[in-house]
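Trainee: Before we start, here is the structure in question, set down as structure tokens.
The values are calculated or read from the model by the stated rules, or taken from the named source; none is laboratory data. Owing to the predicted nature of the structure, the values given are computational and were not obtained by experimental measurement. Here the Cβ positions follow ideal geometry from the backbone for every residue, glycine too, while neighbour counts run over all protein chains shown.
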């Protein structure tokens, strides 16, 4: 039998329907992958085998009786440990969080997955309060990468990306306030979507405010679309949530890219890339051009908004830590403490309003840009994954995570949908990602373009080095 831990959701559902295998088989395959690989990569903070098998048995019964709840019924899923999950603690990667309290609420995305019959396996690692672009914390340690346990997974949804990449669950739910699903997707050779703000309801509200999104993390764009069909359903607890979609994201994947106007910006006008990253991303854009897209190399015309982002981001982080008492700053990640003191704690209301004005101007600029272009394509990251346990590459000019993630946080400020798809490997086997950005509410279009790319390449089918030699492939894209 094919390794169920590496199957996509559609193939799993077809297997359940025909009786080739059951949700129990798929859950056991994912749990076996966790047992085998997690000691090397540290992606999981909680695994509930008993609950997962019980849920899988209920799903198997529904499939056997011909009454599945939908295409997500029986799909193994993990949840980033920033999202409330009934019956399990949500520690947020922090020693400040008291585990001994009621845990009786599901966040909206978790609730929708549970209602759809998904099999919840456990919770994945995050840096403290999801504050940075790598995944390590005082509470849980550092998370490695499917393409090398000594490489960082990226972050802050690094546990989810690594879990998905190693078959430790078919889907995962991450959060993204400045790149937190796309950074680890690029570093791990997986897929992640930051949808339009409000498209996936959130509760409780993020301390990072309207920068923060939830998003699907998968191995294929098809799976991301299938997951979107579940987690975008309404939830009254999110006052900023958008109306539910009128159609299916998965059903809308087939339109291709012929005639789409794609702006290719290799550097946004101010970024320096690793040459291997730039070559891989440029080759990926050529694939879209060969598929009929009209590609023009052009920058969107804004300067780096990092200073404004820092004000917005670290005032939120300061507020989070403040809630744990006057000595809390002394008990968090030392670099988080420094960043809060430098960028957040001293910010005034005027500073915040100035940062908001920068944000609004950026949104106006991107709105006008998308009147000319359907999509913007960039590298997801300017560099491949670096050593695990570091906040930045060795010798880098700054330890702050925004210094090496210039392609991601601008589009949290504008609330646009942004998708990362794997598009290559460096000579030493580290993944590279392509980012596709659409106008606000153009989630279907972003997914459609990513799917068209994956139909013409097989980077998403490449098996991580930690799974070699059992699943090795020499297939070229």
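Trainee: Can you pull out the residues in the stretch 247-268 that are assigned to a loop (DSSP other than H, G, I, E, B) and touching a strand residue (DSSP E or B) at 6+ places or on another chain (Cβ under 6 Å)?
Mentor: 265
Trainee: Confirm whether residue 341 is assigned to a helix (DSSP H, G or I), in contact (Cβ under 8 Å) with a residue 60 or more places away in the chain and closer than 28 Å to residue 92 by Cα.
Mentor: In short, no.
Trainee: Restricted to the stretch 35-71, and to residues that are out of contact with any strand residue (DSSP E or B) (no Cβ under 8 Å at 6 or more places or on another chain) and assigned to a loop (DSSP other than H, G, I, E, B), which residue is nearest to residue 162 (Cα to Cα)?
Mentor: 71
Trainee: Return the residue satisfying two criteria in turn: it lies in the stretch 84-95 and is out of contact with any helix residue (DSSP H, G or I) (no Cβ under 6 Å at 6 or more places or on another chain) and in a loop (DSSP other than H, G, I, E, B), and of such residues it is surrounded by the fewest Cβ atoms within 10 Å (Cβ to Cβ).
Mentor: Result: 87.
Trainee: Does residue 207 satisfy the criteria of being more than 10 Å from the chain's Cα centre (by Cα), in a loop (DSSP other than H, G, I, E, B) and surrounded by fewer than 24 Cβ atoms within 10 Å (Cβ to Cβ)?
Mentor: Taking the combined requirement at face value, the residue satisfies it.
Trainee: Let me ask something else. Only one of 300, 275 is more than 30 Å from residue 10 (Cα to Cα), modelled with pLDDT of 95 or more and surrounded by 15 or more Cβ atoms within 10 Å (Cβ to Cβ); which?
Mentor: On inspection, the qualifying residue turns out to be 300.
Trainee: Please pick out the residue among 13, 9, 26 that is modelled with pLDDT of 95 or more, more than 20 Å from residue 157 (Cα to Cα) and in contact with a strand residue (DSSP E or B) (Cβ under 6 Å, 6 or more places away or on another chain).
Mentor: So the residue among 13, 9, 26 that is modelled with pLDDT of 95 or more, more than 20 Å from residue 157 (Cα to Cα) and in contact with a strand residue (DSSP E or B) (Cβ under 6 Å, 6 or more places away or on another chain) is 26.
Trainee: I've got another one for you. Determine if the stretch 117-133 includes at least one residue that is assigned to a loop (DSSP other than H, G, I, E, B) and more than 19 Å from the chain's Cα centre (by Cα).
Mentor: Yes, the stretch 117-133 has at least one match.
Trainee: While we're here: Confirm whether residue 469 is more than 23 Å from residue 289 (Cα to Cα) and at pLDDT below 95.
Mentor: Yes, satisfied.
Trainee: I would also like to ask the following. So, residue 43, is that one buried (at least 16 other Cβ atoms within 10 Å of the Cβ) and under 19 Å from residue 190 (Cα atoms) or not?
Mentor: Numbers: buried (at least 16 other Cβ atoms within 10 Å of the Cβ): yes; under 19 Å from residue 190 (Cα atoms): yes.
So residue 43 fits the description; yes.
Trainee: Somewhere in the stretch 269-283, is a residue outside any helix (DSSP H, G or I) and either closer than 16 Å to residue 442 by Cα or free of Cβ contacts under 8 Å to residues at least 12 places away in the same chain (or both)?
Mentor: So far as the stretch 269-283 goes, no, none of its residues is outside any helix (DSSP H, G or I) and either closer than 16 Å to residue 442 by Cα or free of Cβ contacts under 8 Å to residues at least 12 places away in the same chain (or both).
Trainee: Among the residues of the stretch 72-83, count how many are part of a loop (DSSP other than H, G, I, E, B) and either over 20 Å from the mean Cα position of the chain (by Cα) or farther than 17 Å from residue 131 by Cα (or both). Break it down stepwise before answering.
Mentor: At the first step, the residues of the stretch 72-83 found to be part of a loop (DSSP other than H, G, I, E, B) are 72-75, 81-83.
Still in the list and also either over 20 Å from the mean Cα position of the chain (by Cα) or farther than 17 Å from residue 131 by Cα (or both): 72-75.
Selection size over the stretch 72-83: 4.
Trainee: Let me spell it out: the conditions are (1) touching a helix residue (DSSP H, G or I) at 6+ places or on another chain (Cβ under 7 Å); (2) crowded, with 24+ Cβ neighbours inside 10 Å, and residue 401 meets all of them except one. Which number is the exception?
Mentor: (1)
Trainee: Within the stretch 303-321, is there a residue that is within 30 Å of residue 257 (Cβ to Cβ), out of contact with any helix residue (DSSP H, G or I) (no Cβ under 9 Å at 6 or more places or on another chain) and loosely packed, with under 15 Cβ neighbours inside 10 Å?
Mentor: The answer is yes, given that some residue of the stretch 303-321 is within 30 Å of residue 257 (Cβ to Cβ), out of contact with any helix residue (DSSP H, G or I) (no Cβ under 9 Å at 6 or more places or on another chain) and loosely packed, with under 15 Cβ neighbours inside 10 Å.
Trainee: A further question on this structure: Surrounded by 24 or more Cβ atoms within 10 Å (Cβ to Cβ), assigned to a helix (DSSP H, G or I), within 13 Å of the chain's Cα centre (by Cα) and on the phi < 0 side of the Ramachandran plot: which single residue out of 109, 163 fits that description?
Mentor: 163 is the lone residue from the list that is surrounded by 24 or more Cβ atoms within 10 Å (Cβ to Cβ), assigned to a helix (DSSP H, G or I), within 13 Å of the chain's Cα centre (by Cα) and on the phi < 0 side of the Ramachandran plot.
Trainee: Could you check how many residues of the stretch 308-338 are outside any loop (DSSP other than H, G, I, E, B), without any contact (Cβ under 8 Å) to a residue 40 or more places away in the chain and over 19 Å from residue 91 (Cα atoms)?
Mentor: Going through the stretch 308-338 one residue at a time, the tally reaches 3.
Trainee: Sticking with this one: Is at least one residue of the stretch 228-236 on the phi < 0 side of the Ramachandran plot, out of contact with any strand residue (DSSP E or B) (no Cβ under 9 Å at 6 or more places or on another chain) and without any contact (Cβ under 8 Å) to a residue 24 or more places away in the chain?
Mentor: The answer is yes, given that some residue of the stretch 228-236 is on the phi < 0 side of the Ramachandran plot, out of contact with any strand residue (DSSP E or B) (no Cβ under 9 Å at 6 or more places or on another chain) and without any contact (Cβ under 8 Å) to a residue 24 or more places away in the chain.
Trainee: Taking into account only those residues within the stretch 216-239 that are out of contact with any helix residue (DSSP H, G or I) (no Cβ under 7 Å at 6 or more places or on another chain) and part of a loop (DSSP other than H, G, I, E, B), which is surrounded by the most Cβ atoms within 10 Å (Cβ to Cβ)?
Mentor: Here the answer is 232.
Trainee: Looking only at residues that are assigned to a helix (DSSP H, G or I) and within 23 Å of the chain's Cα centre (by Cα) in the stretch 284-307, which one is nearest to residue 353 (Cα to Cα)? Outline the logic, then answer.
Mentor: The first filter runs over the stretch 284-307 and keeps only residues assigned to a helix (DSSP H, G or I), leaving 284-290, 306-307.
Subsequent filtering for residues that are within 23 Å of the chain's Cα centre (by Cα) retains 284-285, 288, 306.
Working: 284: 39, 285: 37, 288: 40, 306: 15 Å.
In this case the residue turns out to be 306.
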